[in-house]
Every structure is written in structure tokens, then in C-alpha cells.
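The values are calculated or read from the model by the stated rules, or taken from the named source; none is laboratory data. This is a predicted model, so every value here is computed, not measured. A quick note on method: Cβ atoms are made from the backbone with ideal geometry, for glycine too, and the neighbour counts reach across all protein chains shown. For accessibility, only protein heavy atoms count, side chains too; no ligands or nucleic acids. Shrake-Rupley method; radii C 1.70, N 1.55, O 1.52, S 1.80 Å.
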Amino acid sequence: MNYLITGRNGQLAAAFIRRFESRSIEFFAPDESLLDITDAHKTDACVASARPDIILNCAAYNLVDKAEQEPHRAFSVNETGPRNLAVAAHKHHAVLVHYSSDYVFDGRKETALYGEGDAANPLNQYGGSKLAGEQAVREVLGDRSLVFRLSWVFGGGKQNFIAKLLEWSAAQEYLRIACDEFSVPTWTETVVDVTLNSLEQGVGGLYHLTNGGYCSRYEWAKAILRRKGIDKFIRPVPMDSFNLPAKRPKFSAMSNRTITDRLSITIPAWEEAVDRFLGQENRS
């Protein structure tokens, strides 16, 4: 299989690139100057030139608060871009894998984890743009696309909660972390594993892809610092006390049951994923 990867500078694309390089799998991960997914002509030209069997769309606008001030930019990258890729994938007979977000939900569900059949109702512009993107892909390609909703993604690089928490802990006397915001920390390596497994088995459709279980930001922060051996006081506070521009769902934890049943696999719990990631970081 020949892969085309968008968003090469992000943590998810980097995880795919590492995996493919380690296994000598053919891929092309161009810079944005060569593949700007918001430009339909450039997108089509790049796909036509690369002739991939599979397109992995790891490009995303993920500045949740800034999206409130520039929704046009968020929708351009998160809706128009995926639609352009879907059109090009259809034209050039490629499978498209696209990644969405738990922020498509409003967090008001009280009885269970979110499933694929639950109604989406984004609370902010970022969530709205991610929902519009997944809908655009499904509209163009149907089950010739594979759409995964992810949550609280972490991996190599600085654009994730773990990296930011470690920076805060080094610079601040104590930390204030939301205790009433719940979701599922999800490792990029888990995303890569499940994505490639799904492609090998010819799976298409919309699925939730997370590690197992769920936690609050506060619980996650405590687990990270404990694993790193960092003695820092963390004060649990309400999410609303930060007065952020974008409203966030307080409980957006998703169930991965549908994809695990479909693939007959078990996905590690978030605690194990965090431990394995931090263990790798300590050795590097």
C-alpha cells in the first residue's frame, strides 16, 4: 500500500511516519506548501501525482479557543479541507481516513459513554468545524471513507496536554487543573495501531477510537506527575473558573466498543497508554 499523509508537522502524522519508516512502508508526507488541503486544485494535483492507495488526513485546525475568533479558518481546514480530500480520493480511487473529535458532543449525556449513534451537538466553533468535516467526508465517500473520532490525543511533540503540563509544573509554584472535565486520553500509537488494523480488514464507516476508560483532567494530571516522579501540588478547580473563550463539554468520554468488537481486539486503558508513552520518553 502507498500512503499519502497530510499535516506532517502534527503529532499524529509524526506517529504514522515513524511507524512507516520502521517498517519500510511507502508513504508521501508533503509540506503544506505542496499540499494545502484548503485549496481544491492543489489537493487534486497532489493526489493525482502521488497516486496513493490510502490518504491519512492528519491535518487539522485544533486551536479551540482561537477558533471562536476565526471560525472561517477552523472551517476552512476542518471542513473544506476534508471535503477536498474526499473529492480527490473519489476521483483517484483512494481510501480516505479522516480524524474527528469528541468535541462534536455537548457533554450532557448522563447514562453512559458516548456511542456512534448518539446525537452530535457541538458547543463551540472547533467542534462545529470537526462535525462539518466528518459529515463532508461521509457525504462524498460513504463507507469508502474511515472516520475516527478521537479525544485528548497525546504523543511526541509539544502540542498536547502532557507536554503543556510538564512545562507548567516546571514554571509554576502549584497547578490549577479542571476536575469536572472528563474524556479519554488517547495515545497516537493506539490511533496508528487501530487505523492500520482497520485498513487491513477493509473496515469503513464512522467509529470512536480511544484508549479504554475515562478520567478528569485533574486525574490525568495527577497520573502524569506521579509517573514522572514530580512532586507538585495540583488544586482541582471547576473548568468554568478559567473563563476560556470556547465552551467545552464537561463529559465527552466515548466508548470504543464498536471498533473493538468489529476488529476483535482489546485496546489498552488510558493509564497503560500514558505509562508506556512516558516510559518511552524517559528512555529517549
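On a per residue basis, the chain carries 46 Å² of accessible surface, using protein heavy atoms and a 1.4 Å probe. Listed by chain and number, the lysines placed with their C-alpha closer than 27 angstrom to that of K109 are K66, K130, K222, K247, K250; residues fewer than eight positions away on the same chain are left out.
A Stokes-Einstein calculation at 25 °C with viscosity 0.890 mPa s, built on the Kirkwood radius of segment 125-239 over Cα pairs, returns a diffusion coefficient of 152 µm²/s. Within the accessible surface of segment 142-234, defined with a 1.4 Å probe on protein heavy atoms only, the carbon and sulfur portion equals 46 percent. Here the contact order of the chain, divided by its residue count and restricted to Cα pairs under 8 Å and six or more residues apart, works out to 19 percent.
The long axis of helix 270-283 is offset from the longest Cα principal axis of the chain by roughly 90 degrees. Helix 161-171 and the longest principal axis of the C-alpha atoms of the chain enclose an angle of approximately 40°.
Applying D = kT/(6 pi eta Rh) to segment 58-129, where Rh is the Kirkwood radius over alpha-carbon pairs, T corresponds to 37 °C and eta to 0.692 mPa s, the Stokes-Einstein value obtained is 243 µm²/s. In segment 60-100, the ratio of gyration radius to Kirkwood radius, Rg to Rh, stands at 1.09 when only Cα atoms are counted. Legend: Rg and Dmax of segment 160-214, from Cα coordinates, 16.1, 51 Å. With the Kirkwood sum run over all distinct C-alpha pairs, the chain has a hydrodynamic radius of 19.3 Å. Here is how the number arises for the chain: DSSP H runs of 4 or more residues each give -39500 (n - 2.57), the sum is divided by the residue count, and the result at 222 nm is -12000 deg cm²/dmol. Sparsely packed loop sites in segment 80-132 (the trypsin sites (Lys or Arg not before Pro) outside DSSP H, G, I, E and B with at most 15 other Cβ atoms within 10 Å) comprise R108. The DSSP beta bridges internal to the chain are antiparallel in roughly 5% of cases.
The dipole here belongs to segment 27-112: it is taken about the Cα centre, uses +1 on the Cβ of Lys and Arg and -1 on the Cβ of Asp and Glu, and is about 280 debye. Peptides 226-238, 262-274 ranked from most to least packed by the mean count of surrounding Cβ atoms within 10 Å: 262-274, 226-238.
Rounded to the nearest 0.05, the FRET efficiency derived from the C-beta distance between V203 and R108 at R0 = 35 Å is 0.75. Ellipsoid fit via the Cα gyration tensor, segment 1-115: semi-axes of 26, 18, 14 Å, each the root of five times an eigenvalue, largest first.
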